[in-house]
1. Residue check, residue 87 against (1) in contact with a strand residue (DSSP E or B) (Cβ under 9 Å, 6 or more places away or on another chain); (2) farther than 16 Å from residue 140 by Cβ, all met but one. Which one?
2. From the list 29, 25, exactly one residue is hydroxyl-bearing (Ser, Thr, Tyr), modelled with pLDDT of 95 or more and within 23 Å of residue 139 (Cβ to Cβ). Which is it?
3. Can you find even one residue in segment 137-153 that is open to solvent by 40 Å² or more (accessible area, probe 1.4 Å) and away from the ligand (no atom under 16 Å from the Cβ)?
4. Scan segment 79-104 residue by residue and report those that are within 14 Å of the ligand (Cβ to nearest atom), within 16 Å of residue 128 (Cα to Cα) and part of a helix (DSSP H, G or I).
5. Select from segment 146-196 the residues that are of a type in the set (A, V, I, L, M, F, W, C), touching a helix residue (DSSP H, G or I) at 6+ places or on another chain (Cβ under 9 Å) and in a strand (DSSP E or B) and list them in ascending order.
6. Would it be correct to say that residue 111 is touching a residue at least 40 places away in the same chain (Cβ under 8 Å) and assigned to a loop (DSSP other than H, G, I, E, B)?
Amino acid sequence: MRTIILTLLGVTALIFVSCKGDNKTDKITDAQKQEMRKSAKEFMTQLKGILFREMKAGGVQNAVAVCSDTAQVLTNNFGLQRGIYIRRISFKNRNKNDYPDEYESKVLQQFKQMQSEGKLSKQSERIEIVKENDHKYLRYMKPIFVGTACLNCHGSDRDISSAVKNILTEKYPDDKAVNYKAGDLRGAVSIKKLIN
Ligand code: HEC
């Protein structure tokens, strides 16, 4: 009897220790949080910077052409330089590469739900450690909202000029990223980083 109790105690202790150990490695540090926030912010600022610069320089029509040629390249390079995987995703996507994966779909769906309850804001974000195929990843997501200037290319037929519409139809035959209104949830910026 004594041995059984001792063994049981031993096993319990072992389980406790190993769980504790796991939790410890799974804790997200402040430094990791800051890194994700900084990358998301810099990435969005860079994209918006190019967009508004091009709109100012040559109008919306010119900006569509530049955006469609550079957005994906810029996105890939930004991630490569920082050792992260970063992109923008949306259920109503323009570029076919921007459709969410399983994890992103789950979180974006939650953002949508929060938005409908008036609980989503510019400060909202989601950060967690996720295990996928024996690897652990830090995953970060932050909502993207539609502003008035975005309607030039993501609004209704009344908002989008026919010249811009022509370019969009030619480059993105399956374009779903239209008919948005200011304040709508457009999608999210998503970061994935391998941690072990
Ligand atoms: C000049 C036209 C133009 C304007 C203005 C514009 N976009 Fe876009 N947007 C595009 C194009 C073109 C793409 C597809 C880029 C690509 O091929 O990667 C795109 C893609 C996106 C994506 C990636 C998801 C997807 O649908 O593929 C998001 C998110 C996005 N835009 C948000 C915004 C927001 C927010 C604004 C306002 C701040 C905005 N856009 C303004 C043209 C525009």
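The values are calculated or read from the model by the stated rules, or taken from the named source; none is laboratory data. As the structure is a prediction and not an experimental result, all values here were calculated from the model. Neighbour counts run over all protein chains shown; Cβ positions are idealised from the backbone, glycine included. For accessibility, only protein heavy atoms count, side chains too; no ligands or nucleic acids. Shrake-Rupley method; radii C 1.70, N 1.55, O 1.52, S 1.80 Å.
1. Residue 87 satisfies all of (1) in contact with a strand residue (DSSP E or B) (Cβ under 9 Å, 6 or more places away or on another chain); (2) farther than 16 Å from residue 140 by Cβ except (2).
2. On the way: 25 fails: modelled with pLDDT of 95 or more.
Result: 29 is the single residue among 29, 25 that is hydroxyl-bearing (Ser, Thr, Tyr), modelled with pLDDT of 95 or more and within 23 Å of residue 139 (Cβ to Cβ).
3. yes
4. Within segment 79-104, 104 is the sole residue that qualifies.
5. Answer for segment 146-196, where residues must be of a type in the set (A, V, I, L, M, F, W, C), touching a helix residue (DSSP H, G or I) at 6+ places or on another chain (Cβ under 9 Å) and in a strand (DSSP E or B): 185, 188, 189, 191.
6. Details: touching a residue at least 40 places away in the same chain (Cβ under 8 Å): yes; assigned to a loop (DSSP other than H, G, I, E, B): no.
No, not satisfied.
So that you can scan it fast, the table gives a plain yes or no per residue for (1) buried (at least 16 other Cβ atoms within 10 Å of the Cβ); (2) more than 11 Å from the ligand (Cβ to nearest atom); (3) in a helix (DSSP H, G or I); (4) of a type in the set (Lys, Arg):
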site: 35; (1), (2), (3), (4): yes, yes, yes, no
site: 42; (1), (2), (3), (4): no, yes, yes, no
site: 58; (1), (2), (3), (4): no, no, yes, no
site: 64; (1), (2), (3), (4): yes, no, yes, no
site: 123; (1), (2), (3), (4): no, yes, no, no
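Quick grid of which residues meet (1) hydroxyl-bearing (Ser, Thr, Tyr); (2) within 13 Å of the chain's Cα centre (by Cα):
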{"position": "57", "(1), (2)": "no, no"}
{"position": "76", "(1), (2)": "no, no"}
{"position": "103", "(1), (2)": "yes, yes"}
{"position": "121", "(1), (2)": "yes, no"}
